[in-house]
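K.L.:
Below is one structure. I have some questions about it.
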Amino acid sequence: MVKDKSISTDLLIIGCGIAGASAALEAAKSGLRVVVITKNLTPEESNTFYAQGGIVSLGHDDHPELLKEDIIETGDGINYPEAVEILSNEGKKIVDDILIKELKIPFSRSSPDSLDYAQEAGHSRRRILHIKDTTGKTIEEKFIKVLKNYSNVTLLSDHTAVDLLTVPHHSKNPVAYYKETQCIGAYVLDNQNKKVKNIYSPFTILATGGCSAVYLYTSNPQGAIGDGYAMAYRAGARIVNMEYIQFHPTSLFHRDADGFLISETVRGEGARLKTKDGQTFMENYNEKRELGPRDEVTRAIYEEMINSNSNYVFLDLASYAKIDIKKRFPNIYQTCIKYGIDITKEPIPVVPAAHYCCGGVIVDIWGKSSLKGLFAVGEVSCTGVHGANRLASTSLLEGLVWGTRASKYIASHFDPGAPYRDSDIHEWYYPEKEEEIDPALINQDWLSVRSTMWNYAGIIRTRKRLERAKADLDYLRHRIEKFYKEARMDAKVVGLKHGIQVAQLITYAAINNPESRGAHFIKT
Ligand code: SIN
């Protein structure tokens, strides 16, 4: 196996959901040469693409201070105030300037003169901009279309980031050890020819999204296995708050639905949760009922499922909606119809699913991580905005704001000297006898990781369950590492290595934090 040609660029961005795409757009406008890679076959495929609810702005009777209070109340008070200030004060302007004026995103309107503001749990005002129930898809497609017009942006699909390139770790020069550790790009696997190329860049932005697909049941696409957290951890960047995994209360319960999300905006339009025998129950748990904080609603559903020995509860929109359901939620309507459920007439069977990681690579207000040259934006990062639990529909906004800020910072600190060449850096090591990968082994390892995480490090944790998860994952990790060293280079093997590492990061963080807070709930 020969090494593929290396690439040098001014800025490498790994991932192109809203965070990566907005970073790419800002950098492109400032004239930097940008390479954006994604492991997916098309650049549009990302967590952003599936976001239904919307993006936080400010509604009619709203104020940044009110948004700030809602974010901090939902986050259980451990949010980073400076980051919350930035999101609350700058968010609306960035939405107006980039999404509305520049990209011309056609947000839904309540009248010809007014945008429509949706309601979600934890918000004291209606303030969520949306495009019916396909907000993320519309935004993502527009971003990619616009990026394709920039000749200084190269979009590489079907390219999997294997590891960050760091000096001195990957340097051939022993003198490099005297210098500050620095990220200088990434080893990237071209999935078509199975070769690893070195992409060199003085600045690398991780925008790889979240890790909820390390759980058996998730609202995320199966690719959300936390590549960015794993690579950043191995490279030595600081990672925090990984125990705060948010579970979305309502994903569609159906064998073939793959965690399809029933957006919180459905509850925002009045839908009520009911047990299988038709009783509402949220009034017994929280005075805000269905619009209480997401972690509380999730735990209430979990408890009701256990009490009634059922695998799901119902979400009843048909009996309560004052809107035209088909018009407001066309995607949810169509998808449910496909599975034999008419949401205009009957309740929807739902179950909680892993949804969002509130922790990640800790970054400052410009997206800078603790490792020189490495930035992180969007879900993979921890700006501190979300604290212990994320307020609904703040994630697209956080990605947009920090994506833009990171590239503004990079553009104003860019030094065109390219410090590293191939001759300084180790080539990717391929084992002499590359073993063919056996999909049965990979599938079984994933099943073990995912069920361990769901059962032992999931919605309700106990010390015993977490200790058991740790033991099982440690053993599995050992086997996967061996497998990785001997196997033929393949995205599936790389993904498994990333995934097991992230599962460990979550589990270790949960063990080390005995205090239940927000999305981390530990029963004593
Ligand atoms: C939803 O539409 O319920 C998801 C919104 C979010 O997670 O922010």
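The values are calculated or read from the model by the stated rules, or taken from the named source; none is laboratory data. All of these numbers come straight from a predicted model, not from anything done at the bench. When we count neighbours, we look across all protein chains shown, and the Cβ atoms used for this are built from the backbone with ideal geometry, even at glycine. The accessibility values were calculated without ligands, DNA or RNA, using every heavy atom of the protein model including side chains. Shrake-Rupley method; radii C 1.70, N 1.55, O 1.52, S 1.80 Å.
K.L.:
Once label points are set 7 Å from the Cα along Cα→Cβ at both Asn173 and Glu90, what is their separation, rounded to one decimal in nm?
P.N.:
In this crude label model, Asn173 to Glu90 measures out at 3.5 nm.
K.L.:
What angle, in degrees between 0 and 90 and rounded to the nearest 10, separates the Cα long axis of helix 395-412 from the longest principal axis of the Cα atoms of the chain?
P.N.:
Roughly 30 degrees, rounded to the nearest 10.
K.L.:
Could you give the size of the charge dipole of the chain about its Cα centre, using +1 on the Cβ of each K and R and -1 on the Cβ of each D and E, expressed in debye and rounded to the nearest 20?
P.N.:
Charge dipole of the chain: 500 debye, to the nearest 20.
K.L.:
Can you tell me the length gained on complete extension of the stretch Glu486 to Asp113, counting 0.36 nm per residue apart and subtracting the Cα distance?
P.N.:
Using 0.36 nm per residue and subtracting the Cα-Cα distance, I get 128.1 nm.
K.L.:
In Å, what is the Rg of the alpha-carbon atoms in segment 375-437, and how long is Dmax?
P.N.:
Looking at segment 375-437, its Cα Rg and Dmax stand at 19.1, 50 Å.
K.L.:
Roughly how many Å² is the accessible area per residue of segment 223-322, as a whole number, for a 1.4 Å probe?
P.N.:
41
K.L.:
Can you give the FRET efficiency to the nearest 0.05 for Lys326 and Asp364, using r as the Cβ-Cβ distance and R₀ = 56 Å?
P.N.:
Step by step, r from the Cβ atoms, then E = 0.80.
K.L.:
If you don't mind, another one. Give me the three principal axis extents of segment 317-451 from the C-alpha atoms, as integers in angstrom, largest value leading.
P.N.:
For segment 317-451, the Cα extents along the three principal axes come out at 67, 47, 27 Å.
K.L.:
Positive end of the dipole of segment 77-159, charges at C-beta (+1 Lys, Arg; -1 Asp, Glu), about the Cα centre: which of Val146, Leu115, Ala83 has its Cα farthest in that direction?
P.N.:
Leu115
K.L.:
Here's something else I'd like to know. Relative to the longest principal axis of the C-alpha atoms of the chain, give the angle of the C-alpha long axis of helix 491-512, reported between 0 and 90° and rounded to the nearest 10°.
P.N.:
Orientation of helix 491-512: about 60 degrees from the principal axis.
K.L.:
While we're here: Taking a 28 Å limit on the Cα-Cα distance, which of the listed pairs Lys276/Lys470; Lys137/Lys470; Lys39/Lys145 fall beyond it?
P.N.:
In this structure, Lys276/Lys470; Lys137/Lys470 exceed 28 Å between Cα atoms.
K.L.:
Give me the 1.4 Å probe accessible area per residue for segment 336-404, excluding ligands and nucleic acids, in Å².
P.N.:
That works out to 21 Å² for each residue.
K.L.:
From the helices alone, meaning DSSP H stretches of at least four residues, give me the mean residue ellipticity at 222 nm for the chain, per-run term -39500 (n - 2.57), in deg cm²/dmol to the nearest 500.
P.N.:
Only helices count here, giving -10500 deg cm²/dmol.
K.L.:
Keeping every protein chain present and rolling a 1.4 Å probe, give me the accessible area per residue for segment 1-85 in Å².
P.N.:
38
K.L.:
Per residue, how big is the convex hull of segment 15-133 when only Cα atoms are used? Give it in Å³.
P.N.:
Convex hull of Cα atoms, per residue: 135 Å³.
K.L.:
Would you work out the charge dipole size for segment 221-264 about its Cα centre, treating the Cβ of every Lys and Arg as +1 and the Cβ of every Asp and Glu as -1, and quote it to the nearest 20 debye?
P.N.:
Computed about the Cα centre, the dipole is about 220 debye.
K.L.:
Round to a whole number: what % of the accessible area of the chain belongs to carbon and sulfur, probe 1.4 Å?
P.N.:
Ligands and nucleic acids excluded, carbon and sulfur give 50 percent.
K.L.:
On the first, second and third principal axes, largest extent first, how far apart are the outermost C-alpha atoms of the chain in Å?
P.N.:
68, 52, 41
K.L.:
Based only on Cα atoms, what mean projected area does the convex hull of segment 88-181 have, in nm²?
P.N.:
That works out to 11.3 nm².
K.L.:
Now, a different point. Which value in nm describes the separation of the simple spin-label points at Gln222 and Glu82, placed 7 Å from the Cα toward the beta carbon?
P.N.:
4.2
K.L.:
Separate question: Run the numbers for Glu65 and Ser423: contour at 0.36 nm per residue of separation, minus the present Cα-Cα distance, in nm.
P.N.:
This chain segment gains 123.5 nm when fully extended.
K.L.:
Now for a different question. Quick one: angle between helix 81-94 and the longest Cα principal axis of the chain, in degrees between 0 and 90, rounded to 10, please.
P.N.:
Tilt relative to the chain: about 80 degrees.
K.L.:
Would you be so kind as to identify which of Gly499, Ile437, Ala487 lies farthest towards the positive end of the dipole of segment 426-507, taking Lys and Arg as +1 and Asp and Glu as -1 on Cβ and the Cα centre as origin?
P.N.:
Gly499
K.L.:
Kindly provide the chymotrypsin sites (Phe, Trp or Tyr not before Pro) of segment 423-524 that DSSP labels as loop, not H, G, I, E or B, and whose Cβ sees at most 15 other Cβ atoms within 10 Å.
P.N.:
Tyr429
K.L.:
If you don't mind, another one. Looking at the chain only, what percent of DSSP beta bridges run antiparallel? Nearest 5 please.
P.N.:
60
K.L.:
Note the full-extension length gain between Glu467 and Ser151 as 0.36 nm times their separation in residues minus their Cα-Cα distance, in nm to one decimal.
P.N.:
Additional length available on full extension: 108.6 nm.
K.L.:
Okay, moving on. With loop defined by DSSP as not H, G, I, E or B, and exposure as at most 11 other Cβ atoms within 10 Å, which is the longest segment of the chain clear of exposed GluC sites (Glu not before Pro)?
P.N.:
Here the longest run is 1-179.
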